[in-house]
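Values in this text are rule-based calculations from the coordinates and carry no lab data. This structure is a prediction, so every number in the text was calculated from the model and none was measured. Virtual Cβ from ideal backbone geometry, glycine too; neighbours counted across all protein chains shown.
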């Protein structure tokens, strides 16, 4: 086991098991080895590597499946009294180790709390429990004529709870925003079992937004048990366009100008030359260039206007490549196979997403590519920009390589360190939407500065026994 | 003095004065009676009434004008050590008593910290200290070709710091959002003198947004000392339109449908029949109807589309009234004279803004009008809706009346109580953008429920001696 820890005594295990069964019923509590193993890791590449090496990342003592907010509250009251760690779990698609039960304890699988209690057509909201699978949520909305507007690559293998926990972003974020922009109100259980529930109103001016502390807390401050989010009418029109630019800066400038006009295509993805040749080699016109993918969607007339603005701006320095490249992207956009494909071949492969203001964007791109490439054994480092704002952009880097004279883990860590260091130097944020988990935890205090000390104080007062997802985010 | 309190001993006053002078220099510290009196109240109508009755709301012990973040930090370190209250002060335009120094102490006037350090054209941001006057900020941006998009009625008599402290909204909010939507990053001094500074990035996924706890905290959690906010290109086009609807629900439905199409006019104001006849009596076509005012602004083509969509939707149940009513609104929109005009005439007059989801909007409007009207002595109660979201709306109520057999204050409180109670019953939020201050403090825990207990815990851990703006928001 990679994360060693003190085992519960047999007596204590028996006692807690019995209490958990009282709360949840026998069917919703497990201490079976096979269940514990199923929750030993998430989609963090380093944990997959451990699996291939025959190592187990970590094992919980109990796996539970609550069915109500009250049960979640009772679990936390018990865990707090017994000082047993609690790790909330959705579908384990996080890529930074955030759901690995590094100190054992109770894994709280939220999948039995996935009910949609209301789709409100007048308010354009959905009220839903966090254990719902992303695609199931989207399908339910689609069938009523709506969309979440939150379509991450992990749509099929992640839950709403995971999105909220790490302030996720979907592929359509340039129009619809990140998941935290969509939250209207939420219900959550805090570490000592207190249930908070914010009011469902469009906007208010009633003190600081306490409920929003749960967003991005990655399970360290409590468990979200219900959420009311914005939804949108299912788009009556969708338009696909692509343009190729000879240089990355030309593509970035084009996008910046489109947004500056108050026009927000839903999907905006600009690939550097390396990724363009990897993904769009069939598009001859784009050879050696940077591909820009656009999907406009929504009201017909709005889409028409967005197309017109994009065409004008993008053809100034770019050439139209038609629908083809977008269709290709649409067909492959939920593909998450790279990690499981490359890792067994002893190729180290991972992605790193960061954000930066426009005026530092190119410097950040150049310096992060250079920093990662400079690590011995790195074969490729590339990026696309895939979430855009009038103020800046998210770069999504991919690196791959083969460790030379170092262990795979040391190689992996060396590339990450180089990337994080150059990101911070260039004024970027160390994460745009994947979060912190284990992998980025040592960088969080550098990102937050004195605010990290405040976070620790708030954590301490809300979770005095540090039961909630301990060992994550440097907490 | 209305808010009685224990006076500082002469010795203590002398000691603290000397220390404040060491920090700030003699010119930036005052204990003159005239200065103390100037900071004895804000724009809360009840405090104006006290003034007319010859009463002073409250007096600070010291008035100080810091010129740097370090000075603010040193003031708070001193105040915390001496356990002396600190009340941050902008221009005192708050209407709920939030800036009244009810427990004396140090009023920290932020007006000497009003420097714009950067207008970043590439990032579309402004970095500015919070003491800046609203109109000065807007003018500085306009002169460079930009706008804040935040144009409150109080633009001429409020500061950025006040906006941030109470999560304010401007008249153009339907397009640009509330002030809290515009914040990219901020620097603040916490109650024990710690300086936090968040990173200037468009979006991130790096733990909960600790810095945003300062937004809406109304000075109870610290003092914001700098902020980077979104700005927008100064609109190349502006269009003014108005429509009259025979019934309020028709107007509300029209607006809901416009927003549902993904089209956001900047100014959207719908007046009930009472307010329509009060403000737009010159528009014969609107007699007995509800007036809708629209201002579209931004990119020319976007404005054209917004006009087209609005015209189609609004003429379904309404009639066009042209530019005239909008021009009238534009000419009078910064008028804040009502309170000072009516109060000396012994007419009690105030405004109450609340927010509500669409499906409760009409019920809330009806029940709040009925509740206020039912208080003996109320002559009029009316409303307009002036900030719109795809999810709901802000109603801005106005009431006026003459106390019968009760004191003015009791009458005033009775109307507020009736309004707040019916607002909560109808599912509304007790404040959309004015905040809590003193007047709403007893209602905040009803609004927030268990979250209020969490707020108290966070307050306690960050401000153990409760020095920051004590006696506000129920803290």
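Quick look at the values:
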read-out	value
Within segment B:101-147, tally of residues that are outside any loop (DSSP other than H, G, I, E, B) and either under 23 Å from the mean Cα position of the chain (by Cα) or farther than 19 Å from residue A:391 by Cβ (or both)	22
Within segment B:46-83, considering residues that are out of contact with any strand residue (DSSP E or B) (no Cβ under 6 Å at 6 or more places or on another chain) and under 12 Å from residue B:101 (Cβ atoms), the one surrounded by the fewest Cβ atoms within 10 Å (Cβ to Cβ)	B:56
Total residues in segment B:267-297, condition touching a strand residue (DSSP E or B) at 6+ places or on another chain (Cβ under 7 Å) and not in a loop (DSSP other than H, G, I, E, B)	20
Residue within segment A:373-380 that is in contact with a strand residue (DSSP E or B) (Cβ under 9 Å, 6 or more places away or on another chain) and within 27 Å of residue B:232 (Cα to Cα) present	no
Flag if residue A:367 is in contact with a helix residue (DSSP H, G or I) (Cβ under 9 Å, 6 or more places away or on another chain), within 19 Å of residue A:272 (Cα to Cα) and in a helix (DSSP H, G or I)	yes
Residues (assigned to a loop (DSSP other than H, G, I, E, B) and under 22 Å from residue B:336 (Cα atoms)) located in segment B:1-53	B:39, B:40, B:41, B:42, B:43, B:44, B:53
Residues of segment A:407-442 satisfying the condition of being crowded, with 20+ Cβ neighbours inside 10 Å, in contact with a helix residue (DSSP H, G or I) (Cβ under 7 Å, 6 or more places away or on another chain) and assigned to a helix (DSSP H, G or I)	A:408, A:412, A:415, A:418, A:419, A:420, A:422, A:423
Residue A:446 part of a loop (DSSP other than H, G, I, E, B), touching a helix residue (DSSP H, G or I) at 6+ places or on another chain (Cβ under 7 Å) and more than 9 Å from every other protein chain (Cβ to nearest Cβ)	no
Considering residues of segment B:66-100 that are in a loop (DSSP other than H, G, I, E, B) and farther than 20 Å from residue B:160 by Cα only, the residue farthest from the chain's Cα centre (by Cα)	B:83
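Residue-by-condition table, conditions (1) in contact with a helix residue (DSSP H, G or I) (Cβ under 6 Å, 6 or more places away or on another chain); (2) touching a residue at least 24 places away in the same chain (Cβ under 8 Å); (3) more than 25 Å from residue A:435 (Cβ to Cβ); (4) buried (at least 21 other Cβ atoms within 10 Å of the Cβ):
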{"site": "A:292", "(1), (2), (3), (4)": "yes, yes, yes, yes"}
{"site": "A:306", "(1), (2), (3), (4)": "no, yes, yes, yes"}
{"site": "A:316", "(1), (2), (3), (4)": "no, yes, yes, no"}
{"site": "A:329", "(1), (2), (3), (4)": "no, yes, no, no"}
{"site": "A:335", "(1), (2), (3), (4)": "no, yes, no, no"}
{"site": "A:357", "(1), (2), (3), (4)": "no, yes, no, yes"}
{"site": "A:384", "(1), (2), (3), (4)": "yes, yes, no, yes"}
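Per-residue answers, yes or no, for (1) surrounded by 23 or more Cβ atoms within 10 Å (Cβ to Cβ); (2) assigned to a loop (DSSP other than H, G, I, E, B); (3) without any contact (Cβ under 8 Å) to a residue 60 or more places away in the chain:
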| site | (1), (2), (3) |
| --- | --- |
| A:156 | no, no, no |
| A:163 | yes, no, yes |
| A:174 | yes, no, no |
| A:185 | no, no, yes |
| A:207 | yes, yes, yes |
| A:225 | yes, no, no |
| A:235 | no, yes, no |
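Residue-by-condition table, conditions (1) surrounded by 19 or more Cβ atoms within 10 Å (Cβ to Cβ); (2) touching a residue at least 40 places away in the same chain (Cβ under 8 Å); (3) over 19 Å from residue A:389 (Cα atoms); (4) away from every other protein chain (no Cβ under 12 Å):
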| position | (1), (2), (3), (4) |
| --- | --- |
| A:192 | no, yes, yes, no |
| A:200 | yes, yes, yes, no |
| A:256 | yes, yes, no, no |
| A:271 | yes, yes, no, yes |
| A:279 | yes, yes, yes, yes |
